[in-house]
Amino acid sequence: MEIRKAAGVLETGSPSPEQLEKINAFAKTPLTAEEVYVFAVRLCDDQPDRDLERFSPEALRALAPMFLGKTGILDHAWQSDKQLGRIFDAEMQCDDGVNWLKAWVYMLRGEKTAELIREIEGGIKKEVSVGCSMGRTVCSVCGADYGACEHRKGVTYDGKLCVAVLCEPVDAYEFSFVAVPAQRDAGVVKAADPDGAYLAALSQDAALGRSYRKQLQKEIVRLGLVLELGLDQPLLESLAKKLDGDQLQAVQAALSEKAAKRFPPLTQLSAPAGRTQQADSAFLI
């Protein structure tokens, strides 16, 4: 899934000698401090956004090296003439219990960037958004893949708000200046699959998974009552809801095997004693 998190510019100015050394690792011709303008951005953090999603601290830490060398553009327009800068340093930081990803970006000073630099310094251009690919989203309540459990974003369970946690980053693409971020501090703007087909397919798969999970839960309750395990229906239902997908399948299989041994299948009709089946009797009515 492609994720875009929005945040803003933090610090601006000329590069230090240490920063200039990192910048020149990306430049084909060595640059001087006078030729370069740098600024720091808050890319994303581990706080719930307006879509009730957040990055895990582990994901932020893994994203930091992925963003090194990635380009900066305008409005997520993936065109070479929209390039304006490049990330030369990135690290996860923690302030007051909040983990967030800080990146330093360099731009070349000149006629092309003069107006943008002026807007950054004047506070006009300050919201940025990043594009990255995440491999997994999990439920903050139970830790299962989000959509495979019964918990829903925005609902509080036993005093704990359910949010979707973005985990296991696959790649980082770019950062971009945007006009309106979706979140106050680290907003998210989904941009993958414009026609919604991919998200629709994911939603359909999740619905099928939830349906299958409910079938397994009902079957476990039914088998538990049939086998007279000494547990009443509400207790069986409660226990079944706490099992993850693999556990549900394992318990259902074990109970089904036990039920098959206790209640072996019987033939529907039996022949009278002493009577043998005639040849071609399958054709007799």
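The values are calculated or read from the model by the stated rules, or taken from the named source; none is laboratory data. All values derive from a computational prediction rather than experimental measurement. Note that we place each Cβ from the backbone using ideal geometry, even for glycine, and neighbour counts take in every protein chain shown.
When you check Pro48 against the structure, is it within 26 Å of the chain's Cα centre (by Cα), farther than 18 Å from Val178 by Cβ and at pLDDT 90 or above, yes or no? In short, no.
Is it the case that some residue within the range 122-130 is within 15 Å of Gly69 (Cβ to Cβ) and either assigned by TED's automatic domain parsing to the domain that holds Val38 or not small (Gly, Ala, Ser) (or both)? Steps first, please.
Let us first name the residues in the range 122-130 that are within 15 Å of Gly69 (Cβ to Cβ), namely 130.
From the residues that got through so far, the ones that are either assigned by TED's automatic domain parsing to the domain that holds Val38 or not small (Gly, Ala, Ser) (or both) too are 130.
Yes, the range 122-130 has at least one match.
Selection of the range 124-154 for residues being surrounded by fewer than 18 Cβ atoms within 10 Å (Cβ to Cβ), on the phi < 0 side of the Ramachandran plot and among the small types (Gly, Ala, Ser) yields Ser133, Gly135, Ala144. In the range 150-157 there is no residue that is without any contact (Cβ under 8 Å) to a residue 12 or more places away in the chain, assigned by TED's automatic domain parsing to the domain that holds Pro15, charged (D, E, K, R) and over 30 Å from Pro30 (Cβ atoms). Is the range 42-63 home to any residue that is over 30 Å from Val163 (Cα atoms) and either surrounded by 15 or more Cβ atoms within 10 Å (Cβ to Cβ) or not aromatic (Phe, Trp, Tyr) (or both)? The answer is no, given that none of the residues of the range 42-63 is over 30 Å from Val163 (Cα atoms) and either surrounded by 15 or more Cβ atoms within 10 Å (Cβ to Cβ) or not aromatic (Phe, Trp, Tyr) (or both). Filter the range 82-134 down to the residues that are of a type in the set (A, V, I, L, M, F, W, C) and assigned to a loop (DSSP other than H, G, I, E, B), then identify the one that is nearest to Ser14 (Cα to Cα). Selected residue: Leu84. Going by the conditions given, is Val105 at pLDDT below 90, surrounded by 12 or more Cβ atoms within 10 Å (Cβ to Cβ) and touching a strand residue (DSSP E or B) at 6+ places or on another chain (Cβ under 6 Å)? In short, no.
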